[in-house]
Structure formats: C-alpha cells, structure tokens
C-alpha cells in the first residue's frame, strides 16, 4: 500500500554515516550530534559489522559506567543487525523494526550498501502517502476527480 523502501530512499537520500570500530564513543557521539542522526554504521570490509546507536550509549556505556573517551565503538556496538533489500515493502520494513525494536536499518542491494532508513523515515513516508490518499478520496467524493 505504501510502496517500496527504494522509493523512501529516493526521496530522503542514500547518505549513510559510518564510524570505524577503533573510534571512541566520545568521537561517535560527537559525529552523531554533528550529523543529527541517532546511529552510525560500523563497517567491516564491505558489509556492515555493526551499528552504534543512542541506545548503545545509554545501555552499554552510561549505565555500565564506562568512560566514553576510552571506550571503543567496536566494544559496545550492536553486532546483531538486520539489513533489508530496497525491494522490501515499507510495511514489511516497519513490521521488522517493530518486532525487533529497531530504530535504524541498513539497506543492502546484494553486497552493496545503498542507504539507511529510520523508523522516523518510514512514518513520515506513510503519513505523506495517507495524506495523498485522503486528498484523492475527498476530491473523488466531492466530484472533483
């Protein structure tokens, strides 16, 4: 009903912000703040090796009393990440994010990283599509279609 993840990426852009495993948590947080994002992808050779999120900072650094200036991203990143294909339906991506309590998903086309989507990106997309549908139905009902 709401289309494909590839359409969301085409509208929002394919920019993906990354961080090396060896970077400190302080560097990663600074980068997230500068970019205005809630996560950074941690890349291996060609594929994502993990993801570093705001939740990782809270749970694995702050709550564990670790020093952000001394803790490396690779020590506290989330290793078990899900990735989706750009041909996924938006509804399926939302379902996966809801079921696994994820806020960010890398989008992979085969072995190639082609983007990153957040739950906020998908909610915005759904809202825009619902507004368009409501407008079209209203015009139809009022005889303006």
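The values are calculated or read from the model by the stated rules, or taken from the named source; none is laboratory data. In this text the structure is predicted, and so the values were computed from the model without any measurement. Cβ placement follows ideal geometry from the backbone for every residue including glycine, while neighbour counts extend to all protein chains displayed.
Each row is one residue, and each column tells you yes or no for (1) out of contact with any helix residue (DSSP H, G or I) (no Cβ under 7 Å at 6 or more places or on another chain); (2) under 24 Å from residue 21 (Cβ atoms).
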position: 62; (1), (2): yes, yes
position: 68; (1), (2): no, yes
position: 72; (1), (2): yes, yes
position: 94; (1), (2): no, no
position: 105; (1), (2): no, yes
position: 112; (1), (2): yes, yes
position: 131; (1), (2): yes, no
position: 143; (1), (2): yes, no
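Conditions tested, residue by residue: (1) surrounded by fewer than 14 Cβ atoms within 10 Å (Cβ to Cβ); (2) under 30 Å from residue 134 (Cβ atoms); (3) modelled with pLDDT of 95 or more.
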residue: 6; (1), (2), (3): no, yes, yes
residue: 29; (1), (2), (3): no, no, yes
residue: 34; (1), (2), (3): yes, no, yes
residue: 39; (1), (2), (3): no, no, yes
residue: 52; (1), (2), (3): no, no, yes
residue: 68; (1), (2), (3): no, no, yes
residue: 81; (1), (2), (3): no, no, no
residue: 86; (1), (2), (3): no, yes, yes
residue: 111; (1), (2), (3): yes, no, no
How many residues are within 22 Å of residue 79 (Cα to Cα) and crowded, with 17+ Cβ neighbours inside 10 Å if we restrict to region 8-23?
3
Which of the residues spanning region 29-40 are within 19 Å of residue 105 (Cβ to Cβ) and in contact with a helix residue (DSSP H, G or I) (Cβ under 8 Å, 6 or more places away or on another chain)?
32, 38, 39, 40
